[in-house]
Each structure stands twice: as C-alpha cells, then as structure tokens.
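Here's the structure we're looking at; comments come further down.
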Amino acid sequence: MKNKSMQQLLAEAQKGGYAVGAFNIHTMEVAQAIIAAAEAERAPVILQINQGTIQYAGIEYITAIAKTAQSLASVPVIVHLDHGTSYEMMAACIRHGFDSIMIDASKLPLAENIALVRKVVELAHPAGVAVEAELGKVGGVEDDIVVSEEEAGLTDPDEAVQFVQETGVDSLAVAIGTAHGVYKGVPRLDFERLEEIRKRVPIPLVLHGASGVPDEAVREAVARGICKVNISTELKQPFAATLRKTAVENLDEIDPRKLLGPTKEAMSEVVRAKIRLCGCAGKA
Ligand code: 13P
C-alpha cells in the first residue's frame with residue numbers, strides 16, 4: 001500500500017481527535033508483533049528505534065527489520081528514531097532511510113535546545129524526514145537516557161510557543177507528568193497545562209512514557225490534543241513474562257523460535273488494546 005509521511009499521519013490524527021500509537025522495537029519479534037496488531041486493527045502505526053537498540057543490533061540490521069516490516073505491511077507504517085541525542089545520529093538515521101527522527105536536546109538550556117533542533121530540521125526537511133523534539137524534561141529511564149525526579153520538569157507553554165516558532169519542528173514531545181519506565185505510584189497528568197499548550201501550539205503533540213498511565217488518563221490526554229502516544233515498557237513486560245513462562249514450562253526446549261514465538265502474541269494483544277485506547281483502530 002502507499003505509505004504516508006509522519007506529518008500526514010499526525011495531521012490526520014490531530015484533525016480526527018485520535019492518536020497514533022508509537023511502539024519501540026528491539027528485535028524482529030517485536031516488530032512483527034506490532035505490525036500484526038496494527039493490521040488486525042486496521043490502524044497506522046509508528047515503529048520506533050532508540051539509540052540503545054541501534055547500538056545493540058547495529059543500525060543496518062534494525063533498520064532493515066523495520067523497513068521490511070513497513071514494505072510488507074497492509075497499513076501505513078512510519079520508521080522513527082526515538083530520543084536521538086546527537087546531530088551525527090540524526091545524519092546516520094536519515095542516511096539509512098528513517099522517515100522521522102526525534103532529536104532530544106531537552107537536557108540543554110532553552111537557547112541551545114532551540115539551536116540544535118533548528119539545525120536538525122534544516123538537515124532533515126530537505127531529505128523529506130520529519131522531526132520531533134522535546135521541551136521540558138520527561139523523567140525516568142529510557143535506555144541510556146536517565147532523568148531523575150529532581151531534574152524532570154514540565155513544559156512551559158510560553159517556551160513551547162517560542163520553541164515551535166524558532167525551530168520549525170514537526171511535532172513536540174511535552175512533559176506533563178508522565179515518565180519513562182515503570183511508575184512507583186499512579187502518575188498524575190497536568191491536563192490544564194496540556195490544554196494551554198494545545199491552544200497556543202499548532203503542531204501535533206506527543207506523549208512519552210505512556211506505559212502504566214491509566215487508560216482514562218491516556219484517553220483524556222488524547223481528547224485534549226495528544227496525537228502520538230509512545231509505549232515501550234508495556235511491551236517489554238509481556239515479552240519477558242511470556243518468555244520466562246515458556247522457558248520454565250519447557251525446560252528441555254532449546255529452539256529460539258519455540259522460545260521466542262509465543263512472545264509475539266502476548267505483545268500483539270497489548271498493542272491492539274493501546275491502538276483502540278488511542279482511537280486509532282480503523283484509521284489506516
Ligand atoms: P515507556 O517505556 O514508559 O512506555 O516510554 C516509552 C517512550 O516514551 C519512548 O520514548
């Protein structure tokens with residue numbers, strides 16, 4: 001099928017009042033599980049690869065898996081870099097055919113964050129690649145990126161307006177109270193802040209750290225303007241649980257396919273539920 005660009009997918013989501021699910025892939029099994037779920041739900045989907053996975057698998061291997069998934073899928077699929085931190089990483093991903101890249105310069109002071117993001121936009125746009133950036137600091141652990149509770153900070157709406165105008169970025173990851181990884185308590189999202197940003201910033205907004213956020217809160221975030229919902233931890237959990245169970249129940253099993261195969265179904269179920277939660281089912 002003819003694929004769509006990230007900008008098109010997120011513009012449609014913004015207009016339609018739903019969000020596209022963005023799921024982190026680490027291996028072939030994870031990519032296949034996500035695509036199977038998206039096809040079953042007739043939903044567009046975003047396959048995200050982070051720097052840790054690029055280091056683990058090698059950029060050629062993991063990109064080939066994602067691009068193969070994309071070319072075989074019967075629904076629109078975007079291959080996206082999640083949380084790249086350097087200009088060199090951006091250039092490498094563009095060279096390897098990513099459709100979209102996230103430059104995470106959120107640890108830098110505002111002016112430096114703006115300068116780096118603008119430079120990345122200038123590199124990516126002529127190549128037809130979309131750019132996501134983050135303002136404010138989403139807490140928690142995303143592989144090699146660790147943001148402590150003290151460091152985490154919510155997105156300032158005034159800064160968001162300036163940031164979007166001065167960078168020309170395509171979508172904005174906002175910090176509104178979510179965190180990467182497993183939550184200790186129940187996360188409390190700042191919906192008033194989200195609404196304020198939504199009113200003043202015209203581009204699609206992205207929710208990071210959506211694993212473990214109660215369904216009601218995700219629904220409300222989408223209703224108030226989130227167009228892309230990032231999920232990683234909630235796929236790792238069924239992967240690990242199913243792999244452990246299969247291994248323990250079949251102690252003589254040595255075939256990687258028999259050990260890994262059942263994890264796909266477990267991950268697919270979660271992806272299907274998240275796609276429905278985001279209102280994205282049937283939007284392919
Ligand atoms: P979780 O692991 O908390 O789902 O976060 C995923 C994410 O935001 C990736 O950028």
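Annotation: extensible slack from E159 through K199 equals 13.0 nm (criterion: 0.36 nm per residue apart, minus Cα-Cα distance).
What residue among S211, F191, T246 has its Cα farthest toward the positive end of the dipole of the range 173-264, where the charges are +1 on Lys, Arg and -1 on Asp, Glu, each on the Cβ? Value: F191. Using only Cα atoms, locate the centre of the range 207-225 and the centre of the range 16-44, then give the distance between them in Å, rounded to an integer. Answer, in whole Å: 17. Rounded to the nearest whole angstrom, the semi-axes of the ellipsoid equivalent to the chain, taken from the Cα gyration tensor as √(5λ), stand at 29, 21, 19, largest first.
The stretch between E112 and E253 holds 45.5 nm of extra length on full extension. This uses 0.36 nm per residue minus the Cα-Cα distance. Among beta bridges from DSSP that stay inside the range 21-145, the antiparallel ones total about 5%.
Each Lys or Arg adds one and each Asp or Glu subtracts one; over the other residues with Cβ under 10 Å from the Cβ of L154, this totals 0. The distance separating the Cα centre of the range 235-271 from that of the range 92-169 comes to 35 Å. I need the shape label for the range 1-92. Rule: rounded when a/c is under 1.5, else prolate if a/b > b/c, else oblate, with a, b, c from the alpha carbon gyration tensor. Here the range 1-92 falls in the oblate category. If I build a Gaussian network model for the chain, linking alpha-carbon pairs within less than 10 angstrom, which residue out of D170, D82, D143 has the largest mean-square fluctuation? Fluctuation is largest for D143. Computed over the Cα atoms of the range 1-157, the ratio of the radius of gyration to the Kirkwood radius (Rg/Rh) comes to 0.96. Computed over the chain, the per-residue total of -39500 (n - 2.57) for DSSP H runs of n ≥ 4 gives a 222 nm mean residue ellipticity of -15500 deg cm²/dmol, rounded to 500. Loop-located trypsin sites (Lys or Arg not before Pro) in the range 138-201 (DSSP state not H, G, I, E or B) with no more than 15 neighbouring Cβ atoms inside 10 Å: K184, R188.
When the Debye formula is applied to the Cα atoms of the range 98-171, each taken as the same point scatterer, what base-10 log of I(q)/I(0) results at q = 0.20, 0.27 Å⁻¹? Once normalised to I(0) and log-transformed, intensities are -0.85, -1.24.
Protection proxy ranking, highest mean first, for peptides 2-9, 41-48: 41-48, 2-9, where packing is the per-residue count of other beta-carbon atoms within 10 Å, averaged.
Please report the antiparallel percentage of DSSP beta bridges with both residues in the chain, rounded to the nearest 5. Around 10 percent antiparallel, to the nearest 5. The angle between the Cα long axis of helix 157-167 and the longest principal axis of the Cα atoms of the chain comes to about 90 degrees, rounded to the nearest 10.
Expressed as a whole percent, the proportion of Cα-Cα pairs in the range 240-284 lying more than 18 Å apart is 41%. When the C-alpha to C-alpha distance is required to be over 32 Å, the pairs from K137/K245; K184/K274; K2/K137; K67/K283 that qualify are K137/K245; K2/K137. Secondary structure note: in the range 125-179, about 45% of the DSSP beta bridges are antiparallel.
Read the figures in this text as sums done on the coordinates, not as results from a lab. Quick caveat, the model's predicted, so the values are computed rather than measured. Counting neighbours? That spans all protein chains shown, and the Cβs are built from the backbone with ideal geometry, glycine included.
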